[in-house]
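Values quoted throughout were computed directly from the atomic coordinates according to the rules given, and no laboratory measurement underlies them. Since this is a predicted model, take the numbers as computed values, not measurements. Here the Cβ positions follow ideal geometry from the backbone for every residue, glycine too, while neighbour counts run over all protein chains shown.
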Amino acid sequence: MKREEEKLRRLFKEWGKNQQPSISFESIWQKTKRKQAIQAVSYRIALVTAVLLAILIIQPQQLFMKEQINTATSGQKEIIMKGSVIGLSTKIVIRGQSNLPEGAVIQAVLSEDAEGKIVVLKETVKVDKRGDFTFVLQRPVIERDYVLSVAFLPELQPQSIQQIYGERGEQIEQGDATFTYGKDGMTYRGLKLYDWILGIKGTTAGQDTFLSSQLRDYPKN
């Protein structure tokens, strides 16, 4: 009986020695896993917080930029301009209508080329209180064809008109007849209409045509 008790005591003692390191290792492993889990959760929380902050910062900036664009374009003014061209034997008559205020300056140019580089005649008139204007141009050479351009250019305008459309035409609303050009290192926006001025050749009758936003193909007949 005593021998059996002694054997049991030794077995429990040996079992205790073997189990103690296992319990200690398991405890350390659990602590490590718990720490890793806490770190993972903390990382996810930090990531979500960063995304939310980015949204809160970027969205107001986008709204502010949109408001700036709307503010910049809301003040722009549309210019409506049209006209007819009557070609007589020695003169060219241009009658135009527009929504421009009284005193706005319109320029007419006759060129020998479509690019407007070889200018032979240049005149200006002012718009009346109804927005109408009239040119009576002398033909330089009766038999020769010319390219006519009729334009609203911001640098030619009096201060009262520039206050409406901008010193460089920046408040002119974009349209079919608007164009940009450089002058003294600055960019301007204006409005221009075109037509062919047909030479009087032999028994050719005078013309009765209309200004357009693009120069039409040269008429064959």
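Between T187 and V141, residue separation times 0.36 nm minus the direct Cα-Cα distance comes to 13.1 nm. Neighbour counting of Cβ atoms within 10 Å sorts the residues F133, F210, F152, fewest neighbours leading, into F210, F133, F152. Computed from phi, the 3J(HN,Hα) profile of the stretch 93-102 under the Karplus parametrisation 6.51, -1.76, 1.60 (θ = phi - 60°) reads 10, 10, 10, x, 10, 7, 9, 6, x, 4 Hz, with x in place of Gly and Pro. The average projected area of the stretch 81-210, computed from the convex hull of its Cα atoms over all directions, is 7.8 nm². Sequentially through the stretch 178-190, phi angles give Karplus couplings (6.51, -1.76, 1.60; θ = phi - 60°) of 6, 8, 10, 8, x, 7, 6, x, 10, 9, 10, 10, x Hz, Gly and Pro residues having no value and appearing as x. Could you please report the charge total around F210, scoring K, R as +1 and D, E as -1 over all other residues with beta-carbon less than 9 angstrom from its beta-carbon? Net charge around F210: -1.
Each other residue within a Cβ distance under 15 Å of E167 adds +1 if Lys or Arg and -1 if Asp or Glu, for a net charge of +1.
For V150, what is the net charge nearby, where nearby means another residue's Cβ is under 12 Å from its Cβ and Lys, Arg count +1, Asp, Glu -1? Counting the neighbours of V150, the net charge comes to +2. Counting lysine pairs in the stretch 81-210 that sit 8 or more residues apart in sequence, or on different chains, and whose Cα atoms lie under 29 Å apart gives 26.
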